[in-house]
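Participant: There's a structure below that I have some questions on.
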Amino acid sequence: MNIMRKLRGGVANASSASSSDLSDTAPSSPHTQLGLMHLKKLFSEYTHPPHPLTDQERDDKLYNMLPLFCKVFGSSPTCDMNEKFWDILAFCHQVSLLMVSEIRKRASNQSTEAASCAIAKFLEIENCEESSNGWMLLSTLNLLASGDSTLVQVMSEVSVPSTLVKCLYLFFDLPELSEKEANSKDSTSDFTPRERRILLQKIFVQVLVRLCSHRIPAEELARKDDLTLLFSAITSWCPPHNIMWRKSAAEVLMTLSRHGLTPPVVGYIHSKSCVSLCIENMKKIPELAPLELVEMFVTVF
């Protein structure tokens, strides 16, 4: 799938893709057009089922649409989502609700470490993309977040940005993978646990960066009082194996500072003394390496 080629970033991957693979996923190809027609049909049946569906049946139907959605729009211009899939806002709403629900379910009544492990396990890719519900859900949100502000607004209205920021903060407590476990690979999977974790970090931060390139998510974070979590995250201690998550928080906050500093957000930052919080956090971590300290200062100031 194109999403994986982009994330794994290899020129070799791109160059090794056959011309038939590329033509099959081109926006104007008959294969893509058929996929779009099927997606519309499936979503219509989802929103207007011939008989009442249980919550689990509804979730299963939505999960079954995600690989098709990613295949249809993964190689298309982002404007195609709105122009060619007229139910895109309703689809975005349902996908966003499902993500928030799945994360809350795994975080409820858990310790921070147990919650972080459960959420990461759900979101990481498994043996293949299509069979990994959490990964496909995150990949779908990643595509939706690359769309226009109407999609970002839908995602913000159901608390996707604040939910993902809470996850990011929880990921500071992920336990370290042992060297043996991190590099083990069984015959049914293309990825080691370490590779799964790296892929999760890449796509997770990409979703948040795309969201925070708009003003609406910043205001949602302020309204939900979760913006302080980002400020706290960039200047909090975390074990060395989780420093990538602190770097992710810094990238998200810097993106937000470029695009989301509306009057309500600026007012929130002042009223919550977010910068002072960062300075106090830095004072409390005596074991910070000089480079880490510099990175924190660059992000805050």
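Participant: Taking the options Pro264, Pro239, name whichever one is in contact with an Asp or Glu (Cβ under 7 Å, 6 or more places away or on another chain), modelled with pLDDT under 90 and of a type outside the set (A, V, I, L, M).
Facilitator: Going through Pro264, Pro239 in turn, just one is in contact with an Asp or Glu (Cβ under 7 Å, 6 or more places away or on another chain), modelled with pLDDT under 90 and of a type outside the set (A, V, I, L, M): Pro239.
Participant: So, one more: I need every pair where a residue in the stretch 33-45 that is farther than 12 Å from Ile88 by Cα has its Cβ under 7 Å from the Cβ of a residue that is surrounded by 11 or more Cβ atoms within 10 Å (Cβ to Cβ) and hydrophobic (A, V, I, L, M, F, W, C), sequence separation at least 6 or different chains.
Facilitator: Short answer, once both residue conditions are applied: Gly35/Leu68; Gly35/Val72; His38/Leu68; Leu42/Met65.
Participant: For the subset of the stretch 197-244 comprising residues that are over 27 Å from Asn133 (Cβ atoms) and touching a His at 6+ places or on another chain (Cβ under 8 Å), which member is surrounded by the fewest Cβ atoms within 10 Å (Cβ to Cβ)?
Facilitator: Arg215
Residue by residue, here is whether (1) under 24 Å from Tyr46 (Cβ atoms); (2) free of Cβ contacts under 8 Å to residues at least 60 places away in the same chain; (3) of a type in the set (S, T, N, Q); (4) crowded, with 22+ Cβ neighbours inside 10 Å holds:
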| site | (1), (2), (3), (4) |
| --- | --- |
| Phe91 | yes, yes, no, yes |
| Glu102 | yes, yes, no, no |
| Ser108 | no, yes, yes, no |
| Ala114 | no, yes, no, no |
| Ala118 | no, yes, no, no |
| Phe122 | yes, yes, no, no |
| Ser132 | yes, yes, yes, no |
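Participant: If you go through the stretch 65-84, how many residues are surrounded by 14 or more Cβ atoms within 10 Å (Cβ to Cβ) and within 16 Å of Ser149 (Cα to Cα)?
Facilitator: Within the stretch 65-84, residues that are surrounded by 14 or more Cβ atoms within 10 Å (Cβ to Cβ) and within 16 Å of Ser149 (Cα to Cα) number 4.
Participant: So, in the stretch 60-89, exactly how many residues are without any contact (Cβ under 8 Å) to a residue 60 or more places away in the chain and not acidic (Asp, Glu)?
Facilitator: 11
Participant: Among the residues of the stretch 254-264 satisfying the criterion of being of a type in the set (A, V, I, L, M) and either closer than 10 Å to Val209 by Cβ or within 15 Å of the chain's Cα centre (by Cα) (or both), which is surrounded by the fewest Cβ atoms within 10 Å (Cβ to Cβ)?
Facilitator: If we take residues in the stretch 254-264 being of a type in the set (A, V, I, L, M) and either closer than 10 Å to Val209 by Cβ or within 15 Å of the chain's Cα centre (by Cα) (or both), then Met254 is surrounded by the fewest Cβ atoms within 10 Å (Cβ to Cβ).
Participant: Kindly indicate whether any position in the stretch 185-201 is of a type in the set (Asp, Glu), part of a helix (DSSP H, G or I) and free of Cβ contacts under 8 Å to residues at least 40 places away in the same chain.
Facilitator: yes
The values are calculated or read from the model by the stated rules, or taken from the named source; none is laboratory data. Everything numeric here is computed off the predicted structure, so don't read it as measured data. Neighbour counts are summed over all protein chains in view; Cβ atoms, including those assigned to glycine, are modelled from backbone coordinates with ideal geometry.
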